[in-house]
Amino acid sequence: MRIAANARRTVASVAAGLVLLAGCGGAGGDGGGSEDGGKGRDHGRGDTAARPYGADAGARLTGIPDVGKAMAARIPSASRQVVAVYGDGADSPNATVVLYGKDGDGWRRQASWPAHNGRRGWTTDHHEDDLRTPVGVFTLSDAGGVLPEPAAKLPYTHSAAFTPPAYWSKITRHDFDYVIAIDYNRVKGTTPLDPTRPAGQAKGGGIWLHVDHGSGTSGCVSVSPSAMKYLLRTLDPKQHPVVVMGDKANLAG
(Lines give C-alpha, C1' and ligand atoms only; values in the text may rest on other atoms or scores of the structure.)
Protein backbone atom coordinates (compact mmCIF):
# COMPACT_ATOMS: atom_id res chain seq x y z
CA MET A 1 0.00 0.00 0.00
CA ARG A 2 2.86 2.38 0.89
CA ILE A 3 4.50 1.68 -2.49
CA ALA A 4 1.24 2.40 -4.30
CA ALA A 5 0.77 5.65 -2.39
CA ASN A 6 4.32 6.75 -3.19
CA ALA A 7 3.73 5.91 -6.84
CA ARG A 8 0.58 8.02 -6.92
CA ARG A 9 2.43 10.94 -5.35
CA THR A 10 5.23 10.59 -7.92
CA VAL A 11 2.76 10.53 -10.83
CA ALA A 12 0.96 13.57 -9.41
CA SER A 13 4.24 15.44 -9.00
CA VAL A 14 5.35 14.65 -12.55
CA ALA A 15 1.96 15.71 -13.93
CA ALA A 16 2.13 18.97 -12.00
CA GLY A 17 5.60 19.63 -13.35
CA LEU A 18 4.37 19.11 -16.90
CA VAL A 19 1.59 21.65 -16.38
CA LEU A 20 4.03 24.26 -15.05
CA LEU A 21 6.44 23.69 -17.92
CA ALA A 22 3.78 23.66 -20.63
CA GLY A 23 1.70 26.53 -19.30
CA CYS A 24 2.93 29.68 -17.62
CA GLY A 25 6.28 28.01 -17.20
CA GLY A 26 6.78 27.43 -20.90
CA ALA A 27 9.98 28.73 -22.51
CA GLY A 28 11.93 28.76 -19.29
CA GLY A 29 9.47 30.20 -16.82
CA ASP A 30 7.67 33.48 -16.40
CA GLY A 31 10.78 35.31 -15.35
CA GLY A 32 11.74 36.35 -18.86
CA GLY A 33 11.99 40.00 -19.73
CA SER A 34 9.08 42.01 -21.03
CA GLU A 35 9.24 44.84 -23.50
CA ASP A 36 9.63 47.38 -20.69
CA GLY A 37 10.93 45.17 -17.90
CA GLY A 38 7.75 45.82 -15.97
CA LYS A 39 8.44 49.56 -15.67
CA GLY A 40 5.89 52.29 -16.08
CA ARG A 41 2.20 52.54 -15.29
CA ASP A 42 2.81 50.96 -11.86
CA HIS A 43 3.29 47.50 -13.35
CA GLY A 44 5.84 46.44 -10.75
CA ARG A 45 5.63 43.72 -8.10
CA GLY A 46 4.00 46.01 -5.51
CA ASP A 47 1.09 44.65 -3.52
CA THR A 48 -1.42 47.04 -5.11
CA ALA A 49 -4.72 47.37 -3.27
CA ALA A 50 -8.06 47.13 -5.05
CA ARG A 51 -9.22 50.48 -6.35
CA PRO A 52 -12.08 51.95 -8.38
CA TYR A 53 -11.45 52.14 -12.12
CA GLY A 54 -12.45 55.07 -14.31
CA ALA A 55 -14.42 58.23 -13.72
CA ASP A 56 -17.69 56.31 -13.46
CA ALA A 57 -16.43 53.72 -10.97
CA GLY A 58 -19.43 52.24 -9.19
CA ALA A 59 -21.87 53.65 -11.73
CA ARG A 60 -24.37 51.29 -13.27
CA LEU A 61 -23.30 50.26 -16.77
CA THR A 62 -25.35 48.72 -19.57
CA GLY A 63 -22.47 46.49 -20.64
CA ILE A 64 -18.79 45.77 -20.11
CA PRO A 65 -16.94 48.91 -21.30
CA ASP A 66 -14.73 48.69 -24.41
CA VAL A 67 -15.97 45.19 -25.24
CA GLY A 68 -17.63 44.98 -28.66
CA LYS A 69 -20.84 43.17 -29.54
CA ALA A 70 -19.11 40.05 -30.88
CA MET A 71 -17.05 39.52 -27.73
CA ALA A 72 -19.90 40.53 -25.41
CA ALA A 73 -22.15 37.95 -27.07
CA ARG A 74 -19.77 35.23 -25.85
CA ILE A 75 -20.38 36.09 -22.21
CA PRO A 76 -22.85 33.48 -20.86
CA SER A 77 -26.20 34.95 -19.89
CA ALA A 78 -25.88 33.37 -16.42
CA SER A 79 -22.57 35.12 -15.69
CA ARG A 80 -22.83 37.80 -13.02
CA GLN A 81 -19.10 38.33 -12.48
CA VAL A 82 -16.67 39.34 -15.22
CA VAL A 83 -12.92 39.75 -14.91
CA ALA A 84 -11.96 41.98 -17.86
CA VAL A 85 -8.32 42.03 -18.93
CA TYR A 86 -7.59 45.05 -21.10
CA GLY A 87 -4.27 44.56 -22.86
CA ASP A 88 -2.41 47.74 -23.80
CA GLY A 89 -1.64 46.47 -27.30
CA ALA A 90 -1.36 43.37 -29.48
CA ASP A 91 2.36 43.01 -28.74
CA SER A 92 2.48 44.55 -25.26
CA PRO A 93 2.92 42.65 -21.96
CA ASN A 94 1.06 45.33 -19.99
CA ALA A 95 -2.62 45.22 -19.10
CA THR A 96 -5.27 46.35 -16.64
CA VAL A 97 -7.61 43.93 -14.87
CA VAL A 98 -11.07 45.16 -13.91
CA LEU A 99 -13.65 43.20 -11.92
CA TYR A 100 -17.31 43.82 -12.80
CA GLY A 101 -20.36 42.53 -10.99
CA LYS A 102 -23.89 42.36 -12.40
CA ASP A 103 -26.53 44.39 -10.60
CA GLY A 104 -29.98 43.67 -11.98
CA ASP A 105 -29.72 44.28 -15.71
CA GLY A 106 -26.56 46.36 -15.44
CA TRP A 107 -22.93 46.06 -14.42
CA ARG A 108 -20.81 47.87 -11.85
CA ARG A 109 -17.05 48.21 -11.66
CA GLN A 110 -15.87 46.76 -8.36
CA ALA A 111 -12.07 46.98 -8.47
CA SER A 112 -9.09 47.23 -10.82
CA TRP A 113 -5.38 46.51 -10.80
CA PRO A 114 -2.36 46.89 -13.09
CA ALA A 115 -1.46 43.54 -14.64
CA HIS A 116 0.75 41.67 -17.07
CA ASN A 117 -0.04 39.24 -19.86
CA GLY A 118 2.15 37.20 -22.23
CA ARG A 119 5.45 38.97 -22.84
CA ARG A 120 4.89 38.89 -26.61
CA GLY A 121 1.33 40.15 -26.24
CA TRP A 122 -1.91 38.53 -27.40
CA THR A 123 -3.11 36.00 -29.97
CA THR A 124 -6.39 34.68 -31.37
CA ASP A 125 -4.64 31.39 -32.22
CA HIS A 126 -2.67 30.38 -29.15
CA HIS A 127 -0.04 27.65 -29.40
CA GLU A 128 2.27 26.21 -26.79
CA ASP A 129 5.36 28.35 -26.12
CA ASP A 130 4.25 31.28 -28.31
CA LEU A 131 4.57 33.55 -25.22
CA ARG A 132 1.22 35.18 -26.03
CA THR A 133 -2.02 35.17 -24.07
CA PRO A 134 -5.15 33.78 -25.79
CA VAL A 135 -7.87 36.29 -26.63
CA GLY A 136 -11.41 35.32 -25.70
CA VAL A 137 -14.06 34.68 -23.08
CA PHE A 138 -13.34 31.80 -20.71
CA THR A 139 -15.02 30.48 -17.58
CA LEU A 140 -13.26 30.48 -14.19
CA SER A 141 -13.94 27.25 -12.34
CA ASP A 142 -10.97 26.18 -10.23
CA ALA A 143 -8.18 27.63 -8.14
CA GLY A 144 -5.19 26.60 -6.06
CA GLY A 145 -1.72 27.53 -4.97
CA VAL A 146 1.31 26.97 -2.79
CA LEU A 147 -0.32 28.90 0.05
CA PRO A 148 -3.48 27.85 1.91
CA GLU A 149 -6.71 29.17 0.46
CA PRO A 150 -7.63 32.67 1.69
CA ALA A 151 -11.35 31.98 2.20
CA ALA A 152 -11.68 31.21 -1.51
CA LYS A 153 -15.11 30.50 -2.94
CA LEU A 154 -13.83 28.61 -6.00
CA PRO A 155 -12.71 25.01 -5.40
CA TYR A 156 -9.10 25.38 -4.18
CA THR A 157 -6.20 22.91 -4.39
CA HIS A 158 -3.54 23.68 -1.78
CA SER A 159 -0.34 21.93 -2.84
CA ALA A 160 3.43 22.38 -2.84
CA ALA A 161 3.27 20.98 -6.39
CA PHE A 162 2.53 24.55 -7.55
CA THR A 163 6.05 25.61 -6.52
CA PRO A 164 8.05 26.81 -9.55
CA PRO A 165 11.12 24.70 -10.41
CA ALA A 166 14.33 25.76 -8.63
CA TYR A 167 16.05 26.60 -11.92
CA TRP A 168 13.52 29.31 -12.78
CA SER A 169 14.41 32.92 -12.06
CA LYS A 170 14.18 33.85 -8.37
CA ILE A 171 11.62 36.53 -9.14
CA THR A 172 9.13 33.80 -10.07
CA ARG A 173 9.35 32.07 -6.69
CA HIS A 174 5.95 33.33 -5.54
CA ASP A 175 4.14 33.38 -8.90
CA PHE A 176 1.93 30.44 -8.01
CA ASP A 177 1.27 31.22 -4.36
CA TYR A 178 -2.29 31.78 -5.61
CA VAL A 179 -3.69 30.80 -9.02
CA ILE A 180 -7.07 30.78 -10.71
CA ALA A 181 -7.28 28.49 -13.73
CA ILE A 182 -8.57 30.12 -16.90
CA ASP A 183 -10.65 27.49 -18.68
CA TYR A 184 -8.67 27.55 -21.91
CA ASN A 185 -8.01 24.01 -23.23
CA ARG A 186 -8.53 22.35 -19.87
CA VAL A 187 -11.10 20.18 -18.10
CA LYS A 188 -13.32 22.24 -15.80
CA GLY A 189 -13.85 20.90 -12.31
CA THR A 190 -10.28 19.62 -11.94
CA THR A 191 -7.23 21.03 -10.16
CA PRO A 192 -5.34 23.69 -12.14
CA LEU A 193 -2.47 21.17 -12.15
CA ASP A 194 -4.43 18.69 -14.29
CA PRO A 195 -2.37 18.27 -17.50
CA THR A 196 -5.31 17.18 -19.69
CA ARG A 197 -5.55 19.24 -22.91
CA PRO A 198 -8.85 18.47 -24.73
CA ALA A 199 -7.81 20.33 -27.91
CA GLY A 200 -4.34 18.79 -27.94
CA GLN A 201 -0.98 19.72 -26.44
CA ALA A 202 -0.01 21.93 -29.38
CA LYS A 203 -2.80 24.38 -28.46
CA GLY A 204 -1.15 25.01 -25.12
CA GLY A 205 -2.74 25.19 -21.71
CA GLY A 206 -2.02 25.97 -18.10
CA ILE A 207 -3.25 29.54 -18.63
CA TRP A 208 -3.82 31.03 -15.20
CA LEU A 209 -4.43 34.20 -13.27
CA HIS A 210 -1.53 34.28 -10.82
CA VAL A 211 0.75 36.48 -8.73
CA ASP A 212 2.73 39.10 -10.63
CA HIS A 213 6.53 39.25 -10.64
CA GLY A 214 6.89 42.62 -12.38
CA SER A 215 7.08 41.70 -16.07
CA GLY A 216 5.36 39.78 -18.87
CA THR A 217 4.47 36.10 -18.55
CA SER A 218 4.60 33.04 -20.78
CA GLY A 219 0.87 33.33 -21.48
CA CYS A 220 -0.86 33.84 -18.12
CA VAL A 221 -2.31 37.01 -16.62
CA SER A 222 -0.65 38.24 -13.43
CA VAL A 223 -1.71 40.70 -10.72
CA SER A 224 -0.50 41.63 -7.25
CA PRO A 225 -0.84 39.22 -4.30
CA SER A 226 -3.58 41.35 -2.75
CA ALA A 227 -5.47 41.36 -6.05
CA MET A 228 -5.33 37.56 -6.21
CA LYS A 229 -6.63 37.27 -2.65
CA TYR A 230 -9.43 39.72 -3.46
CA LEU A 231 -10.42 37.75 -6.55
CA LEU A 232 -10.30 34.42 -4.71
CA ARG A 233 -12.52 35.77 -1.94
CA THR A 234 -14.93 37.39 -4.40
CA LEU A 235 -15.34 35.10 -7.41
CA ASP A 236 -18.24 32.80 -6.64
CA PRO A 237 -19.17 29.66 -8.63
CA LYS A 238 -22.82 30.54 -8.02
CA GLN A 239 -22.26 33.75 -10.01
CA HIS A 240 -20.71 31.86 -12.98
CA PRO A 241 -17.58 34.04 -13.26
CA VAL A 242 -15.78 34.47 -16.58
CA VAL A 243 -12.71 36.28 -17.83
CA VAL A 244 -12.97 38.47 -20.94
CA MET A 245 -9.45 39.18 -22.14
CA GLY A 246 -7.46 40.51 -25.03
CA ASP A 247 -5.76 43.55 -26.45
CA LYS A 248 -8.02 46.56 -26.80
CA ALA A 249 -8.47 46.17 -30.57
CA ASN A 250 -9.58 42.53 -30.33
CA LEU A 251 -11.89 43.25 -27.40
CA ALA A 252 -13.62 46.03 -29.29
CA GLY A 253 -13.81 44.18 -32.62
Going by accessible area, probe 1.4 Å, with all protein chains left in place, what is the ranking of 191, 124, 172, largest first?
-> 124, 191, 172
So, over other residues within a Cβ distance under 14 Å of residue 192, counting Lys, Arg +1 and Asp, Glu -1, the net charge is -3
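Among residues other than residue 105 whose Cβ falls under 15 Å from its Cβ, what is the net charge (Lys/Arg +1, Asp/Glu -1)? Can you show the working numbers first?
Details: positive: 60, 80, 102, 108; negative: 103.
Neighbour charge sum, excluding residue 105 itself: +3.
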For the range 62-108 and the range 160-225, compute the distance between their C-alpha centroids and round to whole Å.
-> 21
Residues of the range 130-218: accessible area per residue with a 1.4 Å probe, Å² | 35
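Using a cut-off of 12 Å between beta-carbons, work out the net charge of the residues near residue 246 (Lys and Arg +1, Asp and Glu -1, residue 246 not included).
Net local charge, residue 246 excluded: 0.
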Net length gained if the chain between residue 147 and residue 199 were fully extended (0.36 nm per residue, minus Cα distance) = 15.7 nm
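Leaving ligands, DNA and RNA out of it, rank 233, 109 by accessible area with a 1.4 Å probe, largest first.
On the way: 233 120, 109 35 Å².
Ranked from most to least accessible, the order is 233, 109.
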With label points built 7 Å along Cα→Cβ from the Cα atoms of residue 103 and residue 69, find their separation and express it in nm.
-> 2.7
Quick one: with all protein chains in place, what share of the accessible area of the range 172-253 is carbon or sulfur, to the nearest percent (1.4 Å probe)?
-> 56
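The values are calculated or read from the model by the stated rules, or taken from the named source; none is laboratory data. Please read all numbers here as calculations on a predicted model, not as lab measurements. FYI the Cβ positions are ideal-geometry reconstructions off the backbone, even for glycines, and counts take in every protein chain you see. Accessible surface is based on the protein model in full, side chains and every heavy atom, while ligands, DNA and RNA are left aside. Shrake-Rupley method; radii C 1.70, N 1.55, O 1.52, S 1.80 Å.
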